[in-house]
Amino acid sequence: MAQTKTTAKVSGALIDEQGKPMDYASVSLLKVADSTIVKGTLSTDAGTYLLDNISAGTYIVKATAVGYSKVISAPITIPEGATTIKVNDLKMATDSKSLQAVTVTTTKPLIEHQADRVVMNVENSVLAAGNSAMDILQRAPGVSVDKDDNISIKGKQGVTVMINDKLTYLSSAQLATLLRSTDGNTIQSIEIITNPSAKYDAAGNSGIINIKLKKNKQTGTNGSIILGEGYGAHWKDNETLTLNHKEGDLNVFGSFSHNRGGRLQNIQIKRIITDTAGKKTYFNQFSPLDQEEYNNSYRFGADYDLSSKNTIGFVLNGYFNTESDNNDNRTYIGRDFNTVDSSLRTVSKSSQSYKDFAINLNDTYKLDTAGQQLTADLDYSKFRNNTNSQYMTDYFLPNGNALHSSAFLGNITPSTITIRTAKADYTKPITKTLKFESGIKYSDVRTDNNLTQTLAATSPYLSVNHFVYDEKISAGYVNFSDNFKSTSVQVGLRAEYTSSKAAGDSANVSQTITRNYLNFFPSVFINQTLGKKNEIGVSYSRRIDRPQYDNLNPFTFILDPYTYVRGNPYLKPQYTNNFELNYTYNKTITLTLAYSHTTDVITEVPGTDPATKVAFITNENLQVQTNYSANIYTPYTIAKWWEGNINLTGFYLGFKSNGLEGANLDRGQNAFQVRTTQTFSPIDGYKAELTANYQTGLTYGLYYVKPQYSTDAGISHSFANKKANLKLSMSDIFNWLHNDVTSNYQSNDIDITQKRESRITRLTFTYNFGSNSIKSRNHQSGLESEKGRVKGSN
């Protein structure tokens, strides 16, 4: 025992000039005699540090941080036998000279492959300038968007879209409106999580797309102004103003974006309908759709540090958008596509308005310096959408003479969606490697849709369908993660109890369907490091996709005399089991093998009534969807000024369902996607990007989706000490991008060709102003998952 030396622990704290903790500063313990370094560490997020196993002697503590003058303590003496030594707080002062001298030259790559997600860093991308969130999303690895704005990952639909880690609770159409009115210049990154843990909501069979918005990370008063102009088939413009002020314990931030733009798309639909006697009738439909949009979105919030442990905040955001659609639909009917026996022309005008207001209240409390933390969020959001449409149809003989008088149809469809959520998350490090996480969440969503209609321009509108849908979800999860030398393990379980009620009143007929169900969603992740350059991981998770609100509405919505859309109140949720095997070489090249099995697949199903020759679209639950995929991603450097990456995905997507429209469906197809991005920086201050994308044809349900391909390019120039930036870009340079599908099943024989305005040239100017130091907090709340199933949000 006499031979055993007692060592001491030296602890202390670092603060700035306002008395706030200095986190992640470098702390060194030096011998007074010769200034040799005995031990070093970093301060925690609470500003504290601990140096252990220190022998008796006389020392000094030195602390350094970028942008601050170094600080040295008075000499401290550790006598023999001492076990703990407390050093007086060290105050670090801002070093203005150091701040002016620091120049950050490193930038994140456009595509990053992390342990559990793929990150597309669009913040400084040339191709993001002037584009909407929807435009940028279509360029993300493995992501595609179909003719109806449904988003897929590796060919699979059922994607959950989050904004700042919050569910959106919107339908695909409403989500598309939300994404189109979100200025791409406000986006920091897009995260693609194909196999989420139990911490995330269980919705999304193909994974989660999380859109991270920018938030200023500088103290003082600063901001940016963005002005853009674009042209395709129409002129477009976008303007964004962001402001941030951080002083002491208070951080205030806000932004406002406006964009105006038209969208032109030409649709041709060919249908062959065979009646019960075997006679064929050919329909050839042409629909040029001209749309004009005015989108306005805002975001305002504040964070306040009540103490070094407790931060509270709020965020207000919303939008007010308008859209006008003009369509001149001509349908030619005959014995074949070259013979016209009769025709009709439907001219329609539609005016739409979308409004949303949302508020988030949040509180973060750090229970200790070891990482124990409690967060809470309360969210409220209300959407008010309205569509006013008029249809005038004329019928003609083969010689062009009018067959009979015009038919008028008017629809007014107001809808209100109210979303309330509350959630709390707790994190507790049990040991240095073992961490426990748990949380609870409650969401309450109510959508109220009312369709009023008239058959004469001078007649009053009468209610023909009133549909109300209520859905309440109570959820909780536990998650454990641990590291064992070269192995890391994460195991979680999430439980969700859903209570829903769909009530529709149509033509004096009332229909109510209620459902209550409890589901468990386990997840497992295991990662193994195999030497310095090789890593391997396996993961499993179970997911759910609930029907979109508008797909449950049983009403028949007439588009023209020969086409209608019908909801299905009997739709059930679909469930997916996801398995993944990942391999990473040298932290750069990644290979992912995946398999998923989905039951009760919610799928769009076209149908035809042979007697009336009317075509319709509805949604049904198919029995099984099977997906196999292999993805390889590799970045590379050709020269100091030329970097690139390639993302290649091959997959099989198959569907089976017995008794579908009187037959057994068994369809599947192999397909692949390839996307490559090249970045050039030949001259200081200049940057160019080139992106090319190709997807082979694929089968989805009853549809065959034809190949898609496009090429985008852009160049940017930074000047005025990098405060100003000018970007010029063109999307779909060769104007090749189409959304074409066919369907041949039972009585369906449909060929759809859709060409949207895709070749657009944009010029964007950005100017950053104000102070440029230190950081501000970036909070993420809990409402966004619910918004993703609503129609018309941006």
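The values are calculated or read from the model by the stated rules, or taken from the named source; none is laboratory data. As the structure is a prediction and not an experimental result, all values here were calculated from the model. Please note: Cβ atoms are built from the backbone with ideal geometry, for glycine as well, and neighbour counts cover all protein chains shown. To get the accessible areas, we keep the full protein, side chains included, count just its heavy atoms, and leave off ligands, DNA and RNA. Shrake-Rupley method; radii C 1.70, N 1.55, O 1.52, S 1.80 Å.
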All conditions in (1) within 26 Å of the chain's Cα centre (by Cα); (2) over 30 Å from residue 329 (Cα atoms) are true of residue 365 except (1)
Which ones in segment 24-57 are over 22 Å from residue 79 (Cα atoms) and of a type outside the set (Ser, Thr, Tyr)? 25, 42, 45, 46, 47
Failed condition for residue 624, given (1) open to solvent by 50 Å² or more (accessible area, probe 1.4 Å); (2) within 16 Å of residue 576 (Cα to Cα); (3) not polar (S, T, N, Q): (1)
What is the residue count in segment 593-612 for residues that are farther than 17 Å from residue 747 by Cβ, among the hydrophobic types (A, V, I, L, M, F, W, C) and open to solvent by less than 50 Å² (accessible area, probe 1.4 Å)? 3
Taking segment 21-44 and the residues there that are in a loop (DSSP other than H, G, I, E, B) and surrounded by fewer than 16 Cβ atoms within 10 Å (Cβ to Cβ), the one that is modelled with the highest pLDDT would be 32
Counting only residues that are open to solvent by 30 Å² or more (accessible area, probe 1.4 Å) and of a type outside the set (Lys, Arg), how many does segment 719-734 have? 8
Identify the residue in segment 435-466 that is within 29 Å of the chain's Cα centre (by Cα) and among the aliphatic types (A, V, I, L, M) and, among all such residues, is farthest from residue 199 (Cα to Cα). 445
Which pairs have Cβ atoms under 6 Å, sit 6 or more apart or on different chains, and link a residue in segment 740-765 that is without any contact (Cβ under 8 Å) to a residue 60 or more places away in the chain and under 30 Å from residue 658 (Cα atoms) to one that is among the aromatic types (Phe, Trp, Tyr) and open to solvent by 30 Å² or more (accessible area, probe 1.4 Å)? 742/704
Would you tally the residues in segment 640-667 being more than 23 Å from residue 608 (Cα to Cα) and either open to solvent by 20 Å² or more (accessible area, probe 1.4 Å) or of a type in the set (S, T, N, Q) (or both)? 11
Considering only segment 416-435, state which residues are open to solvent by 20 Å² or more (accessible area, probe 1.4 Å) and touching a Phe, Trp or Tyr at 6+ places or on another chain (Cβ under 6 Å). 420, 422, 428, 430
Filtering segment 465-512 for residues that are among the aromatic types (Phe, Trp, Tyr) and over 30 Å from residue 412 (Cβ atoms) leaves a count of 4
For the condition touching a Phe, Trp or Tyr at 6+ places or on another chain (Cβ under 8 Å) and under 30 Å from residue 581 (Cα atoms), what is the one hit in 197, 224? 197
The listed residue being modelled with pLDDT under 80, open to solvent by 80 Å² or more (accessible area, probe 1.4 Å), assigned to a helix (DSSP H, G or I) and over 30 Å from residue 195 (Cα atoms), out of 100, 3, 18: 100
Determine if segment 402-413 includes at least one residue that is open to solvent by less than 70 Å² (accessible area, probe 1.4 Å) and touching a helix residue (DSSP H, G or I) at 6+ places or on another chain (Cβ under 8 Å). no
Can you name the condition, by its number, that residue 612 falls short on among (1) over 30 Å from residue 327 (Cα atoms); (2) part of a loop (DSSP other than H, G, I, E, B)? (1)
Of the residues that sit in segment 61-73 and are in a loop (DSSP other than H, G, I, E, B) and open to solvent by less than 70 Å² (accessible area, probe 1.4 Å), which one is modelled with the lowest pLDDT? 67
Just name the residue that is modelled with the lowest pLDDT out of those in segment 143-173 that are among the small types (Gly, Ala, Ser) and in contact with a Phe, Trp or Tyr (Cβ under 9 Å, 6 or more places away or on another chain). 171
When only residues in segment 564-587 that are open to solvent by less than 20 Å² (accessible area, probe 1.4 Å) and either modelled with pLDDT under 90 or in a strand (DSSP E or B) (or both) count, which is nearest to residue 473 (Cα to Cα)? 574
Out of all the residues in segment 45-60, which are among the small types (Gly, Ala, Ser) and either within 44 Å of the chain's Cα centre (by Cα) or surrounded by 18 or more Cβ atoms within 10 Å (Cβ to Cβ) (or both)? 46, 47
Taking segment 269-289 and the residues there that are open to solvent by 50 Å² or more (accessible area, probe 1.4 Å) and under 29 Å from residue 735 (Cα atoms), the one that is nearest to the chain's Cα centre (by Cα) would be 288
So, first residue touching a residue at least 12 places away in the same chain (Cβ under 8 Å) and at negative phi in segment 228-247, second residue among the small types (Gly, Ala, Ser) and outside any strand (DSSP E or B), Cβ within less than 6 Å, six or more apart or across chains; the pairs are 228/130; 230/130; 238/130; 246/776
Answer yes or no as to whether residue 716 is under 24 Å from the mean Cα position of the chain (by Cα) and either open to solvent by less than 20 Å² (accessible area, probe 1.4 Å) or closer than 29 Å to residue 242 by Cβ (or both). no
List the strands (runs of 3 or more DSSP E) inside segment 454-563, counting only whole elements, that have at least 2 residues being loosely packed, with under 14 Cβ neighbours inside 10 Å and at pLDDT below 90. 462-484, 509-530
Test residue 590 against the criterion of being buried (at least 17 other Cβ atoms within 10 Å of the Cβ) and either of a type in the set (S, T, N, Q) or modelled with pLDDT of 90 or more (or both), and give yes or no. yes
Considering only segment 735-794, state which residues are open to solvent by 40 Å² or more (accessible area, probe 1.4 Å), at pLDDT below 50 and not in a loop (DSSP other than H, G, I, E, B). none
